[in-house]
Structures are given as C-alpha cells and as structure tokens.
1. Along Cα→Cβ, 7 Å out, is where each label goes; now give me the distance between the ones at Ile36 and Ala55 in nm to one decimal.
2. Determine, for each peptide in 74-82, 53-61, the mean count of other beta carbons within 10 angstrom over its residues, then list the peptides with the highest first.
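Rule-based calculations on the coordinates, nothing more; no lab input. Values in this document were obtained by computation on a predicted structure and should not be read as measured data. All Cβ positions, glycine included, derive from the backbone under ideal geometry; neighbour counts span all protein chains shown.
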Amino acid sequence: MTDDPYHLPQEPGRNLAEPTARTGPPPVPGADVVPILDQNFDAGSLYPLREAVAAHTTQAGMPEPRAGDIVLAVHELAVNAIRHGAGHGRLLIRAHDGALHCQVTDDGPAQAATAGARPQPQATSPGDASWPSQHGSGLWFVRQVADHLSLQTGPHGTIAVARFTLPHS
C-alpha cells in the first residue's frame, strides 16, 4: 500500500497490478476532508488502533454495534497490510457524503488480492477443533460488513477503502 490517498476503480477484466495509460490516479472523493483519524500501525499497535477506531467512529455518530463492525473490518485490513504488505501501514478515516471512509494503506510489494474470495478451511490439529483457521476470510468478512470495499494494488503497495454509511440524524 502507499500513503497516497488514491483509488482507481477496477476495470472489468483488468488485473489491478497492471499499469494503465493514465497519467495518474484521480483523487479519492473526500481526500480534501480532514481525517477524523490518521494513525500509523504495525503488528505491535493493533490494540491501540482498534481502540482509536471505536472511539472515533462512535464520536462521528456511528451506533456502537455498527462501530464494532468497523473496528473488526479495519483490524482485518490492517492485518492484511502487516502480513501481505510492508509489515506496517496507515489508517485514515474520513467522514463525508454521509459515510465513514476507512482507508488502509501500505507500501509493500503488490500481492494478489481477491476481495470476493471465499474462505478456504485450513487443516487443524485435533486440539484446535474449536478454533479453526481460515485463509482469505478477512477480506470476505470486510465485504460482508462494509457498504462498499475497494482495493487498489500495484507495484508500490495497496490501498483498501471500506465505506460505512452513517445513520441519518
């Protein structure tokens, strides 16, 4: 991922890692909006990241049960940035157009990301039967709880943006 707050919509049939003829990506809608949260993270700072997300999303007007969904979704995106990217990343949350936009970026090498992939069960030992492990379930989960998820992967990293609609006041 990259600290660059840009997103290119995926064109049907195009690999996200392929270069385009465009001179540069257009700015993300709302990129000029001051973030309600701007926080760097790594493997050792996931707990404070989750706490900050919970506090800032509820303060922005998201009901607590829905804020819990956002905390889990951001956690999954951050873990992906740590595991499959540079080992660290950055979270920006902006409130605009009636929604919270949670952008997780990293500057790691491009990895194949399939946002709609179904989780694949992984073999567990007999003692682990109550805690099955599945690869690929993080993005699947984010797709289930977010109103929209976009991914942009390229040679300089990945940008994931999950959108959550704010309740009408």
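1. Reported label-point gap for Ile36 and Ala55 is 1.4 nm.
2. Result, highest mean Cβ count within 10 Å first: 74-82, 53-61.
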